[in-house]
1. Within segment 133-140, is even one residue hydrophobic (A, V, I, L, M, F, W, C), within 16 Å of ligand 2 (Cβ to nearest atom) and open to solvent by less than 50 Å² (accessible area, probe 1.4 Å)?
2. Collect the residues in segment 25-69 that are open to solvent by 20 Å² or more (accessible area, probe 1.4 Å) and within 16 Å of ligand 1 (Cβ to nearest atom), keeping them in residue-number order.
3. What are the residues in segment 335-353 that are in contact with a strand residue (DSSP E or B) (Cβ under 6 Å, 6 or more places away or on another chain) and of a type in the set (G, A, S), if any?
4. If L102 passes every condition in (1) assigned to a loop (DSSP other than H, G, I, E, B); (2) touching a Cys at 6+ places or on another chain (Cβ under 7 Å); (3) surrounded by fewer than 19 Cβ atoms within 10 Å (Cβ to Cβ) but one, which one does it miss?
5. List every residue pair whose Cβ atoms lie under 7 Å apart, where the two residues are 6 or more positions apart in sequence or sit on different chains, the first residue falls within segment 90-116 and is touching a residue at least 24 places away in the same chain (Cβ under 8 Å), and the second residue, located anywhere, is within 14 Å of ligand 1 (Cβ to nearest atom) and among the β-branched types (V, I, T).
6. Could you identify the single residue in V79, V88 that is part of a loop (DSSP other than H, G, I, E, B) and in contact with a strand residue (DSSP E or B) (Cβ under 8 Å, 6 or more places away or on another chain)?
7. Looking at (1) surrounded by 24 or more Cβ atoms within 10 Å (Cβ to Cβ); (2) outside any helix (DSSP H, G or I); (3) touching a helix residue (DSSP H, G or I) at 6+ places or on another chain (Cβ under 7 Å), which is the one condition that is false for L183?
8. With respect to V175, determine if the residue is assigned to a helix (DSSP H, G or I), of a type outside the set (G, A, S) and either closer than 30 Å to E204 by Cβ or open to solvent by less than 40 Å² (accessible area, probe 1.4 Å) (or both).
Amino acid sequence: MSQKMPAAVHYDHKDGAVELRDVRVPTIGKEDALLEVRSVSVCGSDVHMWRDKLGHKPRVPVILGHEFSGVVAQAGKRVQGFKEGDRVASETAAEICGICILCRTGQYNLCPQRKGFGHYADGAMTQFVKVPARCLHHLPDGLPFRKSALLEPSCVAYQCTAVNTRIRPGDFVVVLGPGPIGLLALQVARLQGALKVFVSGVGEDAPRLDIAVRRLGADRGINTSLEDPVEAVKSFGDGLGADVVIDAVGISETLRQSIAMVRPGGQITKVGWGPAPVGFSLDPLVAKGATLQGSFSHNYGTWERVIQLVTDGKINVEPLISRVAPLEGWHEAFSKMEERVEVKAVLTPNGPI
Ligand SMILES: [Zn+2]
Ligand SMILES: [Zn+2]
């Protein structure tokens with residue numbers, strides 16, 4: 001193994017501060033594995049870090065990449081259940097305290113000490129990444145690396161839609177934002193028995209809305225530059241609005257829409273981020289007796305379920321994969337996602353998969 005490897009490094013809190021650098025191959029501890037990265041997908045948050053538009057300040061320099069899978073190249077002395085050559089995917093909580101009540105009760109995704117790959121710990125947009133063995137999951141033979149790169153966003157969508165939201169058969173569900181999380185949340189809502197799922201996006205989301213309707217089973221795509229999403233939702237059924245709204249955008253405007261379109265007694269789950277202050281009254285939420293729920297990350301149980309669902313094709317990630325490219329192609333991949341002409345790019349730092 002050579003000592004140096006190319007890595008996509010976020011090196012400063014300013015626009016455009018990502019570049020390929022030669023970095024050292026990490027050394028691992030007794031409870032870690034060294035993962036040879038075979039696939040790592042580009043997240044909207046990677047693009048935001050590149051553009052310095054994230055709501056918080058991640059560590060710099062840091063190697064990007066938190067949606068990844070690969071092969072165990074080396075296993076630490078105390079690692080059990082994983083050995084060299086195993087095909088695996090990794091969770092994202094690179095560091096947790098391990099002793100707080102959240103960690104001890106399986107909610108380590110909410111540990112105040114959590115440090116995520118690609119934000120506060122070196123991530124996987126490189127050839128090798130150090131991963132604590134507790135983060136690893138075995139991949140079934142039937143799940144190729146191009147798809148396993150999308151397990152992480154699938155877990156975000158599952159945690160949001162199936163764990164933190166109560167959807168009952170027959171519910172009317174609206175997903176705001178046809179980005180990767182929205183397109184995956186749509187499918188999870190379907191699996192939970194939603195009667196109708198509408199997906200809403202702005203004008204430039206048109207190609208993604210098309211994927212939602214034509215390939216992933218959305219009942220309707222709402223283009224908000226052509227019609228008012230609140231009216232579109234209220235024109236369906238009894239006119240009282242949606243039982244459940246999943247906000248996979250996160251900005252103030254989509255929260256406003258969510259509150260306006262949710263039916264009395266309904267639920268809004270916010271999985272998208274929006275650093276700007278809200279700027280309007282939340283009184284309608286009170287008047288409707290509606291629930292506003294946040295959802296962040298995922299944990300072990302969600303991963304094991306999602307691996308089965310993606311392998312089985314019940315969550316279909318293929319229509320989201322717009323591009324598979326070598327690490328050197330990161331810049332074009334980020335640009336195309338920023339322009340929303342592509343949904344998801346998968347990078348392959350160790351050659352074709
Ligand atoms: Zn992500
Ligand atoms: Zn903890």
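The values are calculated or read from the model by the stated rules, or taken from the named source; none is laboratory data. Note that the coordinates shown come from a computational prediction; the quantities given were computed from them, not determined experimentally. Positions of Cβ are backbone-derived with ideal geometry, glycine not excepted, and every protein chain shown enters the neighbour counts. Protein only, heavy atoms only, side chains kept; ligands, DNA and RNA dropped before computing areas. Shrake-Rupley method; radii C 1.70, N 1.55, O 1.52, S 1.80 Å.
1. Checking segment 133-140: at least one residue is hydrophobic (A, V, I, L, M, F, W, C), within 16 Å of ligand 2 (Cβ to nearest atom) and open to solvent by less than 50 Å² (accessible area, probe 1.4 Å).
2. Result: C43, G44, S45, H48, R51, K53, L54, G55, H56.
3. Passing the criteria: only A345.
4. Checking L102 against (1) assigned to a loop (DSSP other than H, G, I, E, B); (2) touching a Cys at 6+ places or on another chain (Cβ under 7 Å); (3) surrounded by fewer than 19 Cβ atoms within 10 Å (Cβ to Cβ), the one that fails is (1).
5. G116/T92
6. Numbers: V88 fails: part of a loop (DSSP other than H, G, I, E, B).
So the residue among V79, V88 that is part of a loop (DSSP other than H, G, I, E, B) and in contact with a strand residue (DSSP E or B) (Cβ under 8 Å, 6 or more places away or on another chain) is V79.
7. Just one mismatch for L183, condition (2).
8. no
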